[in-house]
Amino acid sequence: MDLDIYVAPHCHICDYAYEVAETIRQQYPQVQVRIIDLHTTREAIPEIVCVTPTYLLNGQMWSLGNPSPAKIQAAFLQP
């Protein structure tokens, strides 16, 4: 599974996105987590990314804003 988290430096709730990313990395090692800063990336930004933080799971919208612990568990504990 690939999880891309789009953040921006002016986004105050993005600070928590870094914590979410670290939690997912530690608890769900099968998930490849990338944090992408909209102001420094050279990658094309998907059109669906219109707010920060935005979470894309396997290229699909998964969460606008930070997901709840229950949402994280439901997504990544599936066999």
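Descriptive notes on the structure:
- The angle separating the long axis of helix 14-27 from the principal Cα axis of greatest extent in the chain is about 30 degrees.
- Accessible surface of the chain [probe 1.4 Å, protein heavy atoms]: carbon and sulfur percent: 53
- Accessible area per residue in Å² at 1.4 Å probe, computed on the chain: 63
- Local electrostatic count at residue 45 - Lys and Arg +1, Asp and Glu -1, tallied over other residues with Cβ under 11 Å: -3
- Placing a pseudo-label 7 Å from each Cα along the Cα-to-Cβ vector at residue 2 and residue 23 gives an inter-label distance of 2.5 nm.
- Each DSSP beta bridge with both residues in the chain is either parallel or antiparallel, and the antiparallel ones are about 55%.
- Distance between modelled label sites at residue 10 and residue 31, nm, 7 Å Cα→Cβ extension: 2.9
- Among residues other than residue 32 with Cβ under 10 Å from its Cβ, the summed charge is 0 (Lys and Arg +1, Asp and Glu -1).
- Rel. contact order, % - alpha carbon contacts under 8 angstrom, at least six apart, the chain: 39
- Only Lys, Arg, Asp and Glu carry charge here, each on its Cβ (+1 for the first two, -1 for the last two); on that basis the range 16-79 has a dipole of about 120 debye about its Cα centre.
- Our helix-only sum for the chain, with -39,500 (n - 2.57) per DSSP H run of n ≥ 4 divided by its residues, gives a mean residue ellipticity at 222 nm of -8500 deg cm²/dmol.
- Contour minus Cα-Cα distance for residue 58 and residue 70 (0.36 nm per residue): 2.4 nm
The values are calculated or read from the model by the stated rules, or taken from the named source; none is laboratory data. These figures come from a predicted structure and were not determined experimentally. FYI the Cβ positions are ideal-geometry reconstructions off the backbone, even for glycines, and counts take in every protein chain you see. With ligands, DNA and RNA removed, areas are computed over all heavy atoms of the protein, side chains included. Shrake-Rupley method; radii C 1.70, N 1.55, O 1.52, S 1.80 Å.
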